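The values are calculated or read from the model by the stated rules, or taken from the named source; none is laboratory data. Being a predicted model, the structure only gives us computed values, none of them experimental. Methodologically, a virtual Cβ is constructed for each residue, glycine included, from the backbone with ideal geometry; neighbour enumeration extends over all protein chains shown. Side chains included, ligands, DNA and RNA excluded: accessible areas come from the protein's heavy atoms. Shrake-Rupley method; radii C 1.70, N 1.55, O 1.52, S 1.80 Å.
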Amino acid sequence: MSNETTLIPLASCIKTESALKRLLSSGETVVCVHKQQGKTKKVAFKALYQNNKDFWLNSHTSWDYYIPRSIAENLQLPMDEEVPRVGISREMMDFSDEMVEELEETPLDKEGEAGTTNFGPEYERIEKLPLSQRIDLLATFKKRLDELAQRKTPFTGEHAAALVDASRDAALINRATLLEALKLGDEEAKQFTQGVVTATREMVKSTTRLINEEIFQHELVKRLIERSNGTVVQHMTRVFLNGLSFLSYYNEQVRSTSIANRIRIHFGKKYHSYYRQLLPHLHPEDVVLERVFYKGMQAVPEMDFHHFATGFLVHDIGKAEAIEYHEGETGYNRDIIVEHVKVGYQAIMNKTNYPRQAGLIAGYHHEYYGDPSGYGYFREYLAQYRQANPKATQDYCMTYELEPILDYQALAYFPAKVLEIVDIFDSLTDPLRVYRKPLESQEAVDFMRKEFIETKLKIDPILFDLFVHFLERRYSR
Ligand SMILES: [Fe+2]
Ligand SMILES: [Fe+2]
């Protein structure tokens, strides 16, 4: 008989709520291995769980958590075959009860405790950093991403981890810095945020470069899910990286295939009726693809691409409470959620020198083509404009450029419509969704098509179909 016990990383076994419940009620212990010193401890799962509800996902603790394979099998926990196992001798597994008690009383890692906001415990770490260190941190991440891009080696877990960590910290740094800036006058605030703004924009460029190489990376998706702990910042991280990947896919499709032609061919049958609803004042024959996209369907130029990506990164910095942000869910509180786009918009537009595009994305990412369930600044401005100019019409659905939206010629801003889709999909599939079980990718797609397109036209049908193709490509590789 082997003298070794196989240990499986805990994170790879707790992928479902039922697995978590089984583990909790079993009274089993997990093996904690100190990351630097290599020492091991055995602690009741429940004790760690009570201390921190997602301790096994927190990359900032000093410990890695494992479960013996035999226990995982007994409890029928899902086991990812690709995850590396660790061998440990039976002697090392022989822990005294004393040690377990000692650990139950002492919080394992101070920084692992749940924070007061739903930005997670990592937020406190960033909040404490002086501005100069936040800027340095962003610069360090940028350097790391550039190094990886220059290596020209295949995309690995190392690339994925660097992207996820950089994006998460950038989202946190921006949230902390912009909320502090809200207390200052506009000019003072712009000076205060400038260093973070510049460093973030540089980091976004480096991220884009790395993502552009590998749009469909499984490794990245895996990391994003592994590191998710149900906090807003993890949502922002996933939306930023997935939004960027989708935007790259969109550009690739528009540039290298005749996608616009194909959509045009099927337009009458597949899309005309939807866009007729949005442009009822036009003659039916005038509702064509060139009315959906102002100046026609195009790839996003590099400069705009970076602006849009920055908007994706900071889109939810105005979020406050641990509540559900989508209608029809338990925990949905419209008054509070309406605030988050306003806070984000005001902070970005008035307190920073971020490109205007980024502010508009934050302010317009729940507009839903004017459906009453949506909210945002643009619809309010548009209502006022229509009242003052009763004869004016909006003859385009979406625009890539700012002018047609600022002149009220178009109904929506293209990157905000892209973000809506990525954002809703992420909320539905969030691995640690607070109020409901996460949906599988296909379930989320079906749900969105039914609820956000067919029942009521909220998201853009053409962009949604492209997003579905993007997901299919990503999961078929
Ligand atoms: Fe939002
Ligand atoms: Fe969001």
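Please verify whether segment 253-260 includes one or more residues that are among the aliphatic types (A, V, I, L, M), under 18 Å from A362 (Cβ atoms) and open to solvent by 10 Å² or more (accessible area, probe 1.4 Å).
Within segment 253-260, not a single residue is among the aliphatic types (A, V, I, L, M), under 18 Å from A362 (Cβ atoms) and open to solvent by 10 Å² or more (accessible area, probe 1.4 Å).
Would you confirm whether any residue within segment 336-348 is more than 16 Å from ligand 2 (Cβ to nearest atom), assigned to a loop (DSSP other than H, G, I, E, B) and not aromatic (F, W, Y)?
Within segment 336-348 (the criterion being more than 16 Å from ligand 2 (Cβ to nearest atom), assigned to a loop (DSSP other than H, G, I, E, B) and not aromatic (F, W, Y)), the answer is no, since none of the residues qualifies.
State whether one or more residues within segment 440-449 are closer than 21 Å to D304 by Cα and in contact with a Leu (Cβ under 8 Å, 6 or more places away or on another chain).
First, pick out the residues of segment 440-449 that are closer than 21 Å to D304 by Cα: none.
Within segment 440-449, none of the residues are closer than 21 Å to D304 by Cα and in contact with a Leu (Cβ under 8 Å, 6 or more places away or on another chain).
Scan segment 258-271 and report the pairs whose first residue is touching a residue at least 40 places away in the same chain (Cβ under 8 Å) and whose second residue is hydroxyl-bearing (S, T, Y) and open to solvent by less than 20 Å² (accessible area, probe 1.4 Å), with Cβ atoms within less than 8 Å and a gap of 6+ or a chain change.
From residues that are touching a residue at least 40 places away in the same chain (Cβ under 8 Å), the pairs are I263/Y271.
Tell me, please, whether a residue that is surrounded by 17 or more Cβ atoms within 10 Å (Cβ to Cβ), more than 16 Å from ligand 1 (Cβ to nearest atom) and modelled with pLDDT of 95 or more can be found in segment 417-439.
Within segment 417-439 (the criterion being surrounded by 17 or more Cβ atoms within 10 Å (Cβ to Cβ), more than 16 Å from ligand 1 (Cβ to nearest atom) and modelled with pLDDT of 95 or more), the answer is no, since none of the residues qualifies.
Can you tell me which residues in segment 199-248 are open to solvent by 10 Å² or more (accessible area, probe 1.4 Å) and not in a helix (DSSP H, G or I)?
Listed by number, the residues that qualify are E214, I215, F216, Q217, R227, N229, G230, T231.
Can you name the helices (runs of 4 or more DSSP H) wholly within segment 371-477 that have at least 2 residues being under 19 Å from the mean Cα position of the chain (by Cα)? Walk me through it before giving the result.
Numbers: elements: 377-388, 403-406, 414-429, 441-449, 461-476.
Once the helices (runs of 4 or more DSSP H) in segment 371-477 are filtered for at least 2 residues that are under 19 Å from the mean Cα position of the chain (by Cα), what remains is 414-429, 441-449, 461-476.
Of the numbered conditions (1) within 29 Å of E202 (Cα to Cα); (2) surrounded by 22 or more Cβ atoms within 10 Å (Cβ to Cβ); (3) more than 24 Å from the chain's Cα centre (by Cα), T352 fails exactly one; give the number of that condition.
(3)
Would you check if G363 is of a type outside the set (D, E, K, R), within 14 Å of ligand 1 (Cβ to nearest atom), within 21 Å of the chain's Cα centre (by Cα) and not in a helix (DSSP H, G or I)?
no
Can you name the residue in segment 205-225 that is touching a helix residue (DSSP H, G or I) at 6+ places or on another chain (Cβ under 6 Å) and under 23 Å from E124 (Cα atoms) and, of all such residues, is nearest to ligand 2 (Cβ to nearest atom)?
L224
Which of the residues belonging to segment 286-306 are open to solvent by 20 Å² or more (accessible area, probe 1.4 Å) and assigned to a helix (DSSP H, G or I)? Talk me through it step by step, then tell me what you get.
As a first pass, look at segment 286-306 and keep what is open to solvent by 20 Å² or more (accessible area, probe 1.4 Å): 286, 288, 290-291, 294-295, 297-299, 301-304, 306.
Scanning segment 286-306 gives D286, E290, R291, E302, M303, D304, H306.
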